[in-house]
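Have a look at the structure below before the remarks.
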Amino acid sequence: MDIKGTFFDGKTARAVDVVFRAEGGRVMVAGEDNIPLVHWCNLDTCTIAPRLGNTRRVIRFSGGQRFETDDQAGMADLEAGAGVNRSFFLIHLLESHWKSVLVCFVGLLVFAVGFVRYGIPAISTHIAYRLPQGILDQASQEAEEVLTKRLLKPSTLAPERAEEIRARFRELVREITGDMESPYAFSLAFGEAKALGANAFALPSGTIVMTDQLVGMSEDIREIQGVLVHEIAHVTHRHAVRNILQSTGVFVLVSLLVGDGASVTGLAVSIPTLLLESGYSRRFETEADRRVVDYFVKKGWDIAAYENILRRLTAKERDIPGSSFISTHPGTEDRIENLRKWAARQSAP
Amino acid sequence: METDLNGAVSAPTPQTYDVVFTGSAREYFKIWIVNLFLTLVTFGIYGAWAKVRTRRYFYACTSVAGHPFDYLANPVNILKGHLIVGALFIIYMVTEQFKPEWAFALMIVFYLIFPFLAYNSLKFYTHNSAYRNIRFRFNGTLKQSYILFLLKSLLIPLTLGLYFPFWVFLRKKWFFENAGFGTTTNRFTGRAKQFYKAYFFASLQFLLLAVIPLGMIMGIFAATNLEFSRASLEQPEFLKVIFIFMAIGYATMVLGSVIPQQYLFSQITNHCWNTSNLGRVRVNSRLKTGRLVLIRLTNFLAIIFSLGLMIPWAKVRRTRYVLGCLTVEEVGGGLDEFTAEMARDVSAVGDTAVDFFDFDIGL
C-alpha cells in the first residue's frame with residue numbers, strides 16, 4: 001500500500017515529495033524516480049504519531065527522518081493493519097464525535113461533583129484522624145498567638161463567673177470525651193475583643209476561646225453550654241484540620257480543571273474555590289450543631305436555649321438574601337429548623 | 001543566488017510568508033473536554049498526555065510556507081515533571097499550614113532551585129519544538145540562569161524596582177540570543193531603552209486608568225458612606241449602592257490592568273521579534289495593543305458567562321490573532337537551508353534531567 005506525502009531527511013529543512021510504501025510489516029520511502037530515501041525496514045522501528053483532529057499525520061523513522069501526509073484514510077488503514085496506536089485511536093474517536101464529547105462532559109461533571117462531595121471530604125477525614133496531636137498543636141500555636149496577643153484584650157469578666165463557666169466546661173469535656181484518654185489538651189480562655197464581637201473559636205489543640213461579649217449576651221448557662229458543646233465538637237471532629245486539607249484538595253482539583261486556561265483570569269479559579277470551600281465550612285457547622293442536639297437530648301435539656309443564643313449571635317449579621325451561598329455558616333433559620341428536626345427525631349425514636 | 005535569463009547574478013528577492021493558524025474552536029473544544037474528563041478520572045495522570053495533545057494540536061495547526069510545527073515531547077517525561085512539581089506543591093501547602101516557621105526556609109529552597117527549573121524547562125520546551133523535522137534549541141547555560149534569576153533579580157528590590165525593566169530585557173535577551181534552530185543561532189539586537197519606554201508608558205497607563213480612578217471611586221464611596229451610615233443597614237438601596245460601587249471598582253481594576261498588560265506584551269513582543277534574525281530568516285511582529293485588549297476583555301466576559309465552557313474558544317481566538325501578526329521573511333532559500341546539528345542534541349536520550357520539567361515560566 002502506498003501513501004503520498006512529504007519527506008524530511010532530518011539533516012536539512014528541505015522538503016521532498018515522496019511515496020511511503022508498506023508491505024506486510026515492512027516499510028520504505030521512495031523519492032523521485034523511485035530512489036529509496038529510507039530503505040525497507042520493519043514498521044515497528046518507526047513511530048507513528050497518534051491521530052489528533054484533522055492535523056497532518058507524521059511517521060518518524062529510527063534514523064531521524066520524517067514522513068508527513070494529509071491522507072487520513074491511508075494512515076488509518078496502515079495503523080489498523082499493523083495494530084498500532086489502538087488506545088490513541090479510541091481517544092481520537094472520543095474527540096471526534098459530539099455524542100461522545102457530551103458523554104465525557106456529563107462524566108466530567110458527575111466525577112467532579114462526586115469528588116467534591118464525597119472524595120475530598122473522605123480523604124481529608126482519613127488523613128485528619130491520622131495526624132499526630134503534635135502537628136495539631138503546632139498548627140494551633142500560631143493562631144493562638146495571633147488571637148491572644150493581637151486580637152484579644154484581657155478579659156474583664158468577674159472571676160467567679162469565669163470559674164463557673166470553666167467548671168461547666170470541664171464537666172462537658174469529661175462527659176463528651178468519656179473516660180478515655182483524650183489526646184486534646186482542652187482549655188477555655190476568655191478575652192475582650194471589639195473586632196470579633198460576640199464569638200467563640202476552637203483551635204485544633206483543644207483550646208477554646210470565648211469573648212466576653214458572648215458571655216454577656218447569654219441569658220442562661222444552658223446557652224453557653226450549647227456553644228461550648230458546638231466548639232468541643234469542632235475539636236473532636238478535627239474540623240479545622242479537615243478544612244485545611246479539603247481546601248488543598250479543592251485547589252488541586254480546580255487547578256487541574258481550569259489550569260490550562262487559568263492565565264485568562266484568576267477569577268476562574270478563585271470563585272469556584274471560594275464557593276466549594278464555604279460549602280465545606282457550612283457542613284462542619286451543621287455537624288457541630290448536630291452534636292449539640294445529641295448532647296441536649298441525652299441530658300433532657302430544651303434545645304430552645306441553644307436556638308436563642310444562635311438567634312442573638314446572628315441577629316446583627318442580618319442575612320442578605322442569597323448570601324448563604326458564599327457564607328461559611330448556614331443561614332440562622334436553616335440552622336434552627338435543623339435543630340428542631342433532629343431534636344424531634346431523637347426524642348421520639 | 002538566482003541567475004536570470006541573461007546570466008547575470010541578481011540580488012536574491014526576499015520572500016514573505018504569513019504564519020497561518022488553522023486551529024478551530026470546535027475541534028479544540030472536543031479535545032479539551034476529553035482531556036479534562038480523562039485527566040480527572042485518572043486522578044491527574046492523563047494530564048501529561050493531555051498537555052502533549054493540546055500542544056501538538058496548537059503546533060500542528062500553525063504553519064509557515066505550508067509546513068506545520070510539531071511538538072515532540074514524550075508524555076512520560078512530562079508526567080515525571082508533574083509528579084515532582086506536585087510533590088513540591090503539597091510539601092509547601094502542608095508546611096505552610098502546620099509548620100509555618102519552616103515555610104520561609106522552603107521558600108528559600110524553591111528560590112534556589114528555580115533557576116535550575118527555568119533552565120531545564122526552557123531547554124525541554126525548545127528541544128521538543130520542531131519545524132520541518134529540525135528541532136529548535138536553547139544554548140544558554142545553567143550558570144547564566146543562576147546569574148540572571150538568583151543574583152541579578154536581587155537588584156530589583158534594591159533599586160526599588162527601577163532595575164526591573166532592565167532585568168526583563170536581560171531575561172528576553174538571554175532567551176533570544178540563545179535560541180536556535182538546527183545549527184543556526186538567533187541574533188538579537190534589542191535595546192534596553194525600548195523596555196524602559198514600554199514600562200514607563202505602562203506605569204503611566206496604570207496610574208491614569210487604575211490608581212487614580214480607584215482612588216476617586218473610593219473617595220466618593222467614603223463621602224456617600226458618611227450619609228448612609230446613619231441610615232439603617234436594613235435598606236436594600238444601601239446594599240444596591242454598595243454593589244454598584246463594587247462593580248464599578250472591579251470593572252476599573254480589570255480595565256486598568258488589562259490595558260497596560262497588553263500594551264507591555266505587544267511592545268515587548270514586537271521589539272524582540274523585530275530585532276532578531278535567524279540566519280537569513282527574519283520574523284516580523286505587528287501586534288496591536290487595542291486589538292489585544294479587545295480580545296482579552298471579550299474573552300474574559302465569554303469565559304465568565306459560559307462558566308468556563310468558552311475557554312477553548314478564547315484560547316484559539318487569541319492564538320489566531322497573535323500568530324496572525326507574525327510574518328516570516330526569508331532571503332534566498334533561507335528556509336530550505338537550515339541544517340540540523342548532528343553532533344549534539346540529536347535526541348533527548350542521555351540527558352534525562354532536560355526532559356523532566358515543562359513549565360510555562362513566561363519567557
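The values are calculated or read from the model by the stated rules, or taken from the named source; none is laboratory data. Because the structure is a prediction, the values reported are computed rather than measured. All Cβ positions, glycine included, derive from the backbone under ideal geometry; neighbour counts span all protein chains shown.
Could you please tell me which pairs satisfy a Cβ distance under 6 Å, a separation of 6+ or placement on different chains, a first residue in segment B:11-31 that is farther than 30 Å from A:Trp98 by Cα, and a second residue that is charged (D, E, K, R) and surrounded by 13 or more Cβ atoms within 10 Å (Cβ to Cβ)?
That search, which allows pairs on different chains as well, returns B:Pro14/B:Glu329; B:Gln15/B:Glu330; B:Thr16/B:Glu329.
Collect the residues in segment A:1-37 that are in contact (Cβ under 8 Å) with a residue 60 or more places away in the chain and within 13 Å of chain B (Cβ to nearest Cβ), keeping them in residue-number order.
A:Gly5, A:Thr6, A:Phe7, A:Phe8 - these are the residues of segment A:1-37 that are in contact (Cβ under 8 Å) with a residue 60 or more places away in the chain and within 13 Å of chain B (Cβ to nearest Cβ).
The conditions are (1) modelled with pLDDT under 90; (2) more than 13 Å from every other protein chain (Cβ to nearest Cβ), and A:Met75 fails exactly one of them. Which is it?
(1)
Taking segment B:54-112, which residues are part of a strand (DSSP E or B) and more than 8 Å from chain A (Cβ to nearest Cβ)? Please lay out each step first, then the result.
Let us first name the residues in segment B:54-112 that are part of a strand (DSSP E or B), namely B:62-64, B:67-71.
B:Thr62, B:Ser63, B:Val64, B:Phe69, B:Tyr71 - these are the residues of segment B:54-112 that are part of a strand (DSSP E or B) and more than 8 Å from chain A (Cβ to nearest Cβ).
Got at least one residue in segment B:31-53 being basic (Lys, Arg), facing chain A (nearest Cβ under 10 Å) and either within 21 Å of the chain's Cα centre (by Cα) or buried (at least 20 other Cβ atoms within 10 Å of the Cβ) (or both)?
Looking for residues that are basic (Lys, Arg), facing chain A (nearest Cβ under 10 Å) and either within 21 Å of the chain's Cα centre (by Cα) or buried (at least 20 other Cβ atoms within 10 Å of the Cβ) (or both), one finds at least one in segment B:31-53, hence yes.
Would you be able to say whether some residue in segment A:313-327 is more than 19 Å from A:Glu231 (Cα to Cα), within 14 Å of chain B (Cβ to nearest Cβ), modelled with pLDDT under 85 and assigned to a helix (DSSP H, G or I)?
Yes - at least one qualifying residue is present in segment A:313-327.
Every residue in segment A:125-140 that is among the polar types (S, T, N, Q) and either in contact with a Pro (Cβ under 9 Å, 6 or more places away or on another chain) or loosely packed, with under 11 Cβ neighbours inside 10 Å (or both), please.
A:Gln133, A:Gln138, A:Ser140
Only one of B:Tyr111, B:Tyr146 is more than 17 Å from B:Leu88 (Cα to Cα) and either out of contact with any strand residue (DSSP E or B) (no Cβ under 8 Å at 6 or more places or on another chain) or surrounded by 16 or more Cβ atoms within 10 Å (Cβ to Cβ) (or both); which?
The match here is B:Tyr146.
Working only within segment B:297-311, note down all residues that are in contact (Cβ under 8 Å) with a residue 12 or more places away in the chain, within 8 Å of chain A (Cβ to nearest Cβ) and within 22 Å of B:Cys61 (Cβ to Cβ).
Those that are in contact (Cβ under 8 Å) with a residue 12 or more places away in the chain, within 8 Å of chain A (Cβ to nearest Cβ) and within 22 Å of B:Cys61 (Cβ to Cβ): B:Asn299, B:Ile311.
Just checking, which of B:Phe149, B:Phe164, B:Phe124, B:Phe169 is of a type outside the set (Gly, Ala, Ser) and under 27 Å from B:Arg53 (Cα atoms)? Break it down into steps so the answer makes sense when it comes.
Numbers: B:Phe149 fails: under 27 Å from B:Arg53 (Cα atoms); B:Phe164 fails: under 27 Å from B:Arg53 (Cα atoms); B:Phe169 fails: under 27 Å from B:Arg53 (Cα atoms).
Selected residue: B:Phe124, the only one of B:Phe149, B:Phe164, B:Phe124, B:Phe169 that is of a type outside the set (Gly, Ala, Ser) and under 27 Å from B:Arg53 (Cα atoms).
Got at least one residue in segment B:272-293 being modelled with pLDDT of 90 or more, surrounded by fewer than 14 Cβ atoms within 10 Å (Cβ to Cβ) and either in a helix (DSSP H, G or I) or within 11 Å of another protein chain (Cβ to nearest Cβ) (or both)?
Yes: one or more hits.
In segment A:138-178, what count of residues is obtained for those that are assigned to a loop (DSSP other than H, G, I, E, B) and touching a residue at least 24 places away in the same chain (Cβ under 8 Å)?
5
Specify the residue that is farthest from A:Met28 (Cα to Cα); the eligible residues are those in segment A:57-67 that are at the interface with chain B (Cβ under 10 Å from one of its Cβ atoms) and under 44 Å from the mean Cα position of the chain (by Cα).
Applying the filter and picking the extreme gives A:Arg57.
Any idea how many residues of segment A:79-105 are more than 9 Å from chain B (Cβ to nearest Cβ) and modelled with pLDDT of 90 or more?
Residues that pass the stated criteria total 1.
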